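J.: Sharing a structure, written as structure tokens. Questions coming.
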Amino acid sequence: MSRPLRATIHLSALRHNLDVARRHAAHSRVLAVIKANGYGHGMLRAARAFAAADGFAVLAVQDAITLREAGFTQEILLLEGFFAPDELPLLAQHRIATVVHARWQLDALLRFPPANDIALWLKANSGMNRLGFQPAEFSAILASLQRSGAKLTLMTHFARADESGGVTGQLSRFNALSRGAELPRSMANSAALLCCPETHADWVRPGIMLYGASPLPQHSAAELGLQPAMTLNSEIIALRNIQAGDEVGYGGAFKAPCDMRVGVVACGYADGYPRHAQNGTPILVSGRRSRIVGRISMDMLTADLSHIPEAHVGSPVTLWGQGLPVEEVAAAAGTLSYELLCAVAQRVPMLERA
Ligand SMILES: *Cc1c(COP(=O)(O)O)cnc(C)c1O
């Protein structure tokens, strides 16, 4: 018997979530964001499940080439642009589109004669102050690229799309910058796609929602019609009865208030489970809701089984996924579903289910 921890990827959930994105933004093309190894689900696996998308967004040129070599013919975009001028021949050769957010990238494109073969997504900084050209310089850059015959899409990214009214300022700045250009435009991440139709424009760029997690703090994934695409499962590998006053795990971070039964689960922070998950973080044992007690170890964690008398060594455990939204675990660990999904460790075997 091998260690029982595994991540199961539900391919039908990935396809379903893409359909949800399409239904919300029926008049936009969908650029499925599969950066960070498809948010931890496997980049190629995600791309195959999202084969009906109009394009894919990744970070590394090597990932874009992997997609081309796997036969994908859609738009493929480097979401942060190229990182060095010597990547430009690869972009032209493999028909890879790139974000352009900095002067040095414009200079590199000018020095690369077939630059007009490369589709450019010109990025405006509309208020997030991370990547993108300032509004004051954007129009002149846009005009000169249009004169040179570049293939252009205009884009920006929201800092607060998950808050009510959070897109207003950036949306009006971006609308002002792109007005009259008659070029395709792209703004919306998952949160904006779901809550702000006025941001849909020509291309939406959903990420987290495609993996079945909610981008909106006030709505669960289920309320949004999304299905979790990853379930992290393990088993109970040891059980013990402890007495009131006994401590559990490193540092005695949990002290039993009464006599209890505690189970040890084969999953720890070296698997990507968040070490900062608090006492009380939800977990499913034999399909019933329980809570973590004590500190998360490298390879194990401990759960309260006092109210699950049928639990035994070998009982199934769900860390997150079907039956337990990853957002709930993330909240109890002071982080986001994004971080948990991306952080599942290489050593965790990944299975696919149709
Ligand atoms: C990651 C990313 C997205 C997707 O964001 P989600 O919140 O996961 O939907 C969209 N656009 C850009 C520029 C990104 O970096």
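J.: Find the accessible area per residue for segment 304-344; the probe is 1.4 Å, ligands and nucleic acids are left out, and the unit is Å².
T.: Result: 41 Å² of accessible area for each residue.
J.: If the convex hull of the alpha-carbon atoms of the chain is projected onto planes in all directions, what is the mean projected area in square nanometres?
T.: 19.3
J.: Treating only the Cα positions of segment 230-353 as identical point scatterers, give the base-10 log of I(q)/I(0) from the Debye formula at each q in 0.15, 0.18, 0.21 Å⁻¹.
T.: -0.62, -0.90, -1.23
J.: What's the local net charge at residue 249, with K and R +1, D and E -1, over the other residues with C-beta under 13 Å away?
T.: Once all neighbours under 13 Å are counted, the net charge is 0.
J.: Can you list residues whose amide H is under 5 Å from residue 188's amide H, if they're 5+ apart or on another chain and H is modeled 1.01 Å from N?
T.: The list, which skips near neighbours in sequence, is 205.
J.: Follow-up question, since we're still on this one. Kindly work out what percent of the DSSP beta bridges joining two residues of the chain are antiparallel, to the nearest 5.
T.: 50
J.: Among 127, 166, 245, which one shows the highest mean-square fluctuation when the chain is modelled as a Gaussian network with alpha-carbon springs under 10 Å?
T.: Looking only at 127, 166, 245, the biggest GNM fluctuation is shown by 245.
J.: Let me ask another. Which far-off residues, 5 or more places away or on another chain, put their amide H under 5 Å from the one on residue 319, with H placed in the peptide plane?
T.: Answer set, sorted by chain and number: 232, 233, 234.
J.: Continuing with the same structure: Who wins for biggest fluctuation among 195, 342, 258 in a Gaussian network model of the chain, springs between alpha carbons below 10 Å?
T.: Maximum fluctuation in the GNM of the chain, among the listed residues, is at 258.
J.: In the full protein assembly as shown, how much of residue 3 is accessible to a 1.4 Å probe, in Å² to the nearest 10?
T.: 90
J.: Still on this structure, I have one more. For residue 123, give me every one of the lysines with a C-alpha distance below 17 angstrom, ignoring sequence neighbours fewer than eight places off in its own chain.
T.: Cα-Cα hits under 17 Å: 151.
J.: Net charge around residue 186, counting only other residues with Cβ within less than 12 Å of its Cβ (Lys, Arg = +1; Asp, Glu = -1)?
T.: +1
J.: With θ taken as phi - 60° and the coefficients 6.51, -1.76 and 1.60, list the Karplus ³J(HN,Hα) couplings across segment 84-89 in order, rounded to whole Hz; mark glycine and proline as x.
T.: 8, x, 6, 7, 4, x
J.: For segment 205-314, which GluC sites (Glu not before Pro) are in a loop by DSSP, counting at most 16 other Cβ atoms within 10 Å?
T.: For GluC sites (Glu not before Pro) across segment 205-314 that sit outside H, G, I, E and B with at most 16 neighbouring Cβ atoms in 10 Å, the list reads 223, 310.
J.: Go through 83, 119, 273 and say which Cα lies farthest out towards the positive end of the charge dipole of the chain; charges sit on Cβ, +1 for Lys and Arg, -1 for Asp and Glu.
T.: Of the candidates, 119 comes out farthest on the positive side.
J.: Let me ask you something else. Using R₀ = 56 Å, calculate the FRET efficiency as 1/(1 + (r/R₀)^6) where r is the Cβ-Cβ separation of residue 202 and residue 238; round to 0.05.
T.: Efficiency, rounded to the nearest 0.05: 0.50.
J.: Show me, bin by bin at 10 Å from 0, the whole-percent P(r) of segment 11-211 based on Cα pairs.
T.: Here the calculated profile for segment 11-211 is 9, 37, 37, 16, 1.
J.: To the nearest 500 deg cm²/dmol, what mean residue ellipticity at 222 nm is calculated for the chain from DSSP H runs of n ≥ 4 alone, each contributing -39,500 (n - 2.57), summed and divided by the residues?
T.: About -7000 deg cm²/dmol.
J.: Stretched out fully, how many nm does the piece from residue 51 to residue 289 gain, at 0.36 nm a residue minus the Cα gap?
T.: Gain on stretching residue 51 to residue 289: 82.1 nm.
J.: Using a 1.4 Å probe on the protein chains only, how many percent of the accessible area of the chain belongs to carbon and sulfur?
T.: Roughly 51 percent, rounded to a whole number.
J.: Could I have the simple spin-label model distance between residue 182 and residue 139, label points 7 Å from Cα toward Cβ, reported in nm to one decimal?
T.: 1.8
J.: Anyone know which of 279, 37, 175 comes out most mobile in the 10 Å Cα GNM of the chain?
T.: 175
J.: Which cross-chain or sequence-distant (5 or more) residues have an amide H under 5 Å from the amide H of residue 290, H modelled 1.01 Å from N in plane?
T.: HN-HN under 5 Å from residue 290: 283, 284, 285.
J.: Taking the simple approach of a point 7 Å from Cα along Cα-to-Cβ for both residue 11 and residue 110, what is their distance in nm?
T.: About 4.9 nm separates the two model spin labels.
J.: Just to check I understand the Karplus step: with θ = phi - 60° and J = 6.51 cos²θ - 1.76 cosθ + 1.60, what whole-Hz values come out for segment 337-354, glycine and proline as x?
T.: Once θ is set to phi - 60°, the couplings for segment 337-354 become 3, 3, 5, 5, 5, 5, 8, 4, 6, 3, 6, 7, x, 10, 10, 10, 10, 5 Hz.
J.: Compute the distance in nm between two label points, each set 7 Å from the Cα along the Cα-to-Cβ direction, one at residue 347 and one at residue 147.
T.: About 5.9 nm separates the two model spin labels.
The values are calculated or read from the model by the stated rules, or taken from the named source; none is laboratory data. It should be emphasised that the depicted structure is a prediction, and the values quoted were computed from it without experimental measurement. So basically every Cβ, Gly included, is an ideal-geometry build from the backbone, and we count neighbours across all protein chains shown. Only protein heavy atoms, including side chains, enter the accessible area calculation; ligands, DNA and RNA are left aside. Shrake-Rupley method; radii C 1.70, N 1.55, O 1.52, S 1.80 Å.
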